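See structure below.
The values are calculated or read from the model by the stated rules, or taken from the named source; none is laboratory data. Please read all numbers here as calculations on a predicted model, not as lab measurements. Neighbour counts are summed over all protein chains in view; Cβ atoms, including those assigned to glycine, are modelled from backbone coordinates with ideal geometry.
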Amino acid sequence: MTAPQTLDRAGIAARIPHSGSMCLLERLEGWDAGSIHCSTTTHSQADNPLRTESGLLAPNAIEYAAQAMALHGGLLATEGSTPSAGFLASARNVKLAVARLDDIDGALQVRAQRLSGDDRQVLYEFTVAADDGRLLAEGRAVVVLNTPLADTEGTPS
């Protein structure tokens, strides 16, 4: 069985480590081996967990993109295997065209394109755009895979 081309929020949440309100993506619009496209309206929700008194600030677009990258990795994983744990190691060349995301009408269109990678790290290019095509944020991100987390004693788990 192959991975589905579209998913709803529940299907996305089942494939990424983010749960509850921290699962920011609502729909997988499509994907292939090199790219992914998701959409969401969670940026406009008053209870968005990333929202501050000042609203949902534009740098949070990186988290939206990172969740799309995590979903992409999960979809690429061999069926029956556990997807590799990934951690956002860096975001570079990030350009923000707006100050806030919560005042953007309609859905956010979140896209990520895998530029290169291996079993240890992956380089993605990402964009977050408004429904009307207006670019809100773009950049590149490195995701490090299969890195053991330190436990509370400070030793690798």
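Tabulated values for the structure
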| quantity | calculated |
| --- | --- |
| Residue within segment 137-155 that is exposed (fewer than 14 other Cβ atoms within 10 Å of the Cβ), over 26 Å from Arg9 (Cβ atoms) and at pLDDT 95 or above present | no |
| Which numbered condition Asp102 fails, given (1) modelled with pLDDT of 95 or more; (2) under 19 Å from Ala14 (Cα atoms); (3) among the acidic types (Asp, Glu) | (2) |
| Lone unmet requirement of (1) more than 26 Å from Gly20 (Cβ to Cβ); (2) part of a strand (DSSP E or B) for Asp132 | (2) |
| Residues of segment 81-113 that turn out to be among the basic types (Lys, Arg) and within 19 Å of Ser39 (Cβ to Cβ), as a count | 2 |
| Residue match in segment 20-29 (condition: modelled with pLDDT of 95 or more and over 23 Å from Asp131 (Cβ atoms)) | no |
| Some residue of segment 6-24 being surrounded by 18 or more Cβ atoms within 10 Å (Cβ to Cβ), among the small types (Gly, Ala, Ser) and touching a residue at least 12 places away in the same chain (Cβ under 8 Å) | no |
| Restricting segment 33-54 to residues that are charged (D, E, K, R) and modelled with pLDDT under 95, the residue that is surrounded by the most Cβ atoms within 10 Å (Cβ to Cβ) | Asp47 |
